[in-house]
Every structure is written in structure tokens, then in C-alpha cells.
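Below: one structure, written as C-alpha cells.
The values are calculated or read from the model by the stated rules, or taken from the named source; none is laboratory data. A quick note: this is a predicted structure, and the numbers were derived from the prediction, not measured. Because the Cβ atoms are built from the backbone with ideal geometry, glycine has one as well, and the counts that use them run over all protein chains shown. We work out accessible area using only protein heavy atoms, side chains counted, and drop any ligands, DNA or RNA first. Shrake-Rupley method; radii C 1.70, N 1.55, O 1.52, S 1.80 Å.
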Amino acid sequence: MKRVLVLGCTGSIGSNAINIIKNMKDDFELAGIQAHSNKEKLDSLSKEFNCPSLLTCLDNSEQAFNDLIEKSKPDIVVNGISGSAGLLPSKVVLENKINLALANKETIVMAGPLIKSLAKKNNVKILPVDSEHSAIFNLIEKIGKNDIEKIIITASGGPFREYSKQQLQNVTLEQALNHPTWKMGKKITVDSSTLANKGLEVIEAAYLFDFSASDIEVVVHPQSLIHSLVRTKDGMLYAQISDPDMKHPIFNALTWPENKSTYLKPFDLFDQTMTFYKPRTDDFPLLSYAFKCAELKKGYTIAFNAANEIAANAFIDKKISYLQIAQIVEKVLDKDWSADISNFADVFETDKKAKKYAEELI
């Protein structure tokens, strides 16, 4: 039986992880839980699972996460924390030599080389929980990295896939939060609509799987049934297909390296339609900016994430318009982010500086 610590337990990833633990009591035990500020739900979960190891962590301190790990003694940690706040706990988990089921893409976008080096040093695994990266991880495991020529990441296209340039000028927050296939938090839903989320996933894939940006493609697939593909050297495509339910990649991460039977409904091919389109990067430029940052690396990936985080949240707070999100990110990226990132202090300092620029622009 694996003891599971769930960080961000009240969000979408955390709630799905707890659903799996609840339905697979012979395999998993909830060792501990953390939430940013939802103490009511945290207390409710603690009572339900008789789980005394919990943390409401408004200060996001390193000591608080170390204490939580010490008390809960997990075998694996699910990091479902949203945004750049998820990097520090990822670092702490790996320093404690515990496998990390990672849904927080900012961990890799901001500090990919440092995080991977830390995992290697402590002989622990980073198991991706993003549906796209979970698919790529599984395909690479089954096929072998040396036989793969390209990674193809699928994108739903969000709610504005067919909007004209003119229509995009008048997008409201309510429209942006109405995602056609996934149920997610506000920030990631807005990011999905602007294709910033897909941009972050491109950067994450480049770092996580050691692929150059030129060997990664994005295809718009509105049904969200294929979660990613790989093209092998002989030109063949291999895909991972399942219903758009985050419990599938979480289950894969929690059960790794085993391939266990699941209570989840198997995918049914009958009466399904799958369509594919090129992304409209002229109208959704954040994806192009991300590809460029994935090529440049260094502080550029950190600055992209930081600027987008500030701008997307400003849109959610109705301080800026929808199209201004990309404009703010572009202006922040016009600064020089070419300094080497040698340690975590450099990461946090670059993040802070980029956020400050973005806030000044707003």
C-alpha cells in the first residue's frame, strides 16, 4: 500500500487524486493533505479520512512543507498546487527523496534542469500528471526515446478556437471560463483559452523529455480524446487515447511502475469523432512566444510563466482586457533574460523581477 500526500487537495487535481484513493483503499492511503486557504474543506477531508497531517499554508514556507512531509511520511506526493507557488514544494519533496506525481507544470517551466538534476541526485522519479505529459511519458516508456523523432502535443483549442480577430477583442471573463471539454481552475482555464497553457506544456515537454523545441509540435484536437502523440523515425504516429478525465493520468502516476486494473470506465471507440487543426498562432500568439522561450531557455521560460501568471490573473480580476494578456507577456519578454540560471535563488529572483515588470505594465 502506498501512502499519498496530496498538495493542493481542494483543487481539481487534488480532488481527483482523493477520489482515486477513496476508490482504491487496498492500494492507497491518504497520508496528508495541504490547501492554500480553504480550511473548511481541509478540515472536512481530515475528518473523513482520519488524517491528522494537514497544512493550510498561506506563507508557502519551506519549513512548513518539510514539517508536513516529516509528519505524513508519504511514499509519493501529488503536487496539484496552482502556479509558481508549486515550485518550492516540488523542490522539498525531491530533497526528501520521495517520488513526485507532478501536475504543477510551473515547476518544470521555471526550473526544469535544476529539478531534474535534484531528482537524479536523490534517485527519485518525476511522474507527470498533466494529461499530455503523462501520455508522452507512457509512450516514451513503451517505445523508447531513441526511436522517437517528434512529440506532438494536443490542444483543445479552448472556447475561442473559431473566434475571429474582431470577436476576440470583446471576450469576457465568463466566456473564457466556459471550457468546452475540461473542468479546471480559473487560471488554467483562461490559459487554455489563450493557448498559454499549451505554451507552458511545450516548455515543460522540452525540459522534461530532453527534446528541442523544433522537435515538438502542437495540434488542435477539440474533442480532447488523444492526449498526445509521438512520431517514430519510420514516420508512424502513436497516440494515447482516453476520455478527458484527469483521474486517468493521476492513476497512472500513483500506480507506476505497475499497470493496475482500474475502477475508471475504459474508453469506447464507437461513435467517436476526432478532428485536428493547426493552431492559429497569429491570433493566439502566446503559443509562439512559448516556443521561442523553449529555444532560448535560461531566464526566458521563467519570464514567460511569470508574466503570463500576472496578466492572466489581472484579466480574471477584470483589470485588463483579454488581448492585453498576450501584449503584457510580449513586453516582458522584450527584456533581456539571457543570464544563466545556476540555482534556485536565481529562479526565484528572475520570477520576482518578471512579475514586477508585468505588474508595472498593468
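For segment 188-213, enumerate the residues that are assigned to a helix (DSSP H, G or I), over 28 Å from LYS165 (Cα atoms) and either in contact with a Cys (Cβ under 7 Å, 6 or more places away or on another chain) or open to solvent by 10 Å² or more (accessible area, probe 1.4 Å) (or both). Residues satisfying the conditions are TYR207, LEU208, PHE209. Does ALA101 qualify as being surrounded by 24 or more Cβ atoms within 10 Å (Cβ to Cβ), part of a helix (DSSP H, G or I) and touching a residue at least 60 places away in the same chain (Cβ under 8 Å)? Answer is no for this residue. Tally the residues that are closer than 23 Å to LEU127 by Cβ and either surrounded by 13 or more Cβ atoms within 10 Å (Cβ to Cβ) or polar (S, T, N, Q) (or both), restricting the search to segment 23-53. So the count comes out to 16. Scanning segment 154-187 for residues that are in contact with a Phe, Trp or Tyr (Cβ under 7 Å, 6 or more places away or on another chain) and in a helix (DSSP H, G or I) gives LEU168, LEU173, ALA176. Could you say whether any residue in segment 18-28 is more than 21 Å from LEU102 (Cβ to Cβ), out of contact with any strand residue (DSSP E or B) (no Cβ under 9 Å at 6 or more places or on another chain) and of a type in the set (Lys, Arg)? Yes, the conditions are met somewhere in segment 18-28. Looking only at segment 71-93, decide whether some residue is over 21 Å from the mean Cα position of the chain (by Cα) and in a strand (DSSP E or B). Looking through segment 71-93, none of the residues is over 21 Å from the mean Cα position of the chain (by Cα) and in a strand (DSSP E or B). Quick check on ASP234: is it within 22 Å of LYS183 (Cα to Cα) and either modelled with pLDDT under 95 or assigned to a loop (DSSP other than H, G, I, E, B) (or both)? For ASP234, the condition - within 22 Å of LYS183 (Cα to Cα) and either modelled with pLDDT under 95 or assigned to a loop (DSSP other than H, G, I, E, B) (or both) - is not met.
In the condition set (1) over 18 Å from the mean Cα position of the chain (by Cα); (2) polar (S, T, N, Q); (3) farther than 22 Å from HIS248 by Cα, ASN23 is compliant with all but (3).
Listed here are the residues, each with its yes/no results for (1) under 13 Å from TRP337 (Cα atoms); (2) in a helix (DSSP H, G or I); (3) out of contact with any strand residue (DSSP E or B) (no Cβ under 7 Å at 6 or more places or on another chain).
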residue: ASP282; (1), (2), (3): no, no, yes
residue: LEU287; (1), (2), (3): no, yes, no
residue: LYS292; (1), (2), (3): yes, yes, yes
residue: GLU295; (1), (2), (3): yes, yes, yes
residue: ALA303; (1), (2), (3): yes, yes, yes
residue: ALA307; (1), (2), (3): yes, yes, yes
residue: ILE310; (1), (2), (3): no, yes, yes
residue: ASN313; (1), (2), (3): no, yes, yes
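Whenever a residue of segment 271-295 is more than 17 Å from GLN324 (Cα to Cα), its partners that are surrounded by fewer than 13 Cβ atoms within 10 Å (Cβ to Cβ), lying with C-beta atoms within less than 8 angstrom and at least six residues away or across chains, give the pairs GLU295/SER212; GLU295/SER214. Scanning segment 140-157 for residues that are open to solvent by 20 Å² or more (accessible area, probe 1.4 Å) and either among the hydrophobic types (A, V, I, L, M, F, W, C) or within 18 Å of the chain's Cα centre (by Cα) (or both) yields ILE140, ILE143. Scanning segment 315-349 for residues that are open to solvent by 60 Å² or more (accessible area, probe 1.4 Å), within 25 Å of THR107 (Cβ to Cβ) and in a helix (DSSP H, G or I) yields GLU330, ALA345, PHE348, GLU349.
Of all residue pairs spaced 6 or more apart or on separate chains, those with beta-carbon atoms under 9 Å, a first member in segment 1-18 that is free of Cβ contacts under 8 Å to residues at least 24 places away in the same chain and a second member that is assigned to a loop (DSSP other than H, G, I, E, B) and open to solvent by 10 Å² or more (accessible area, probe 1.4 Å) are SER15/GLY80.
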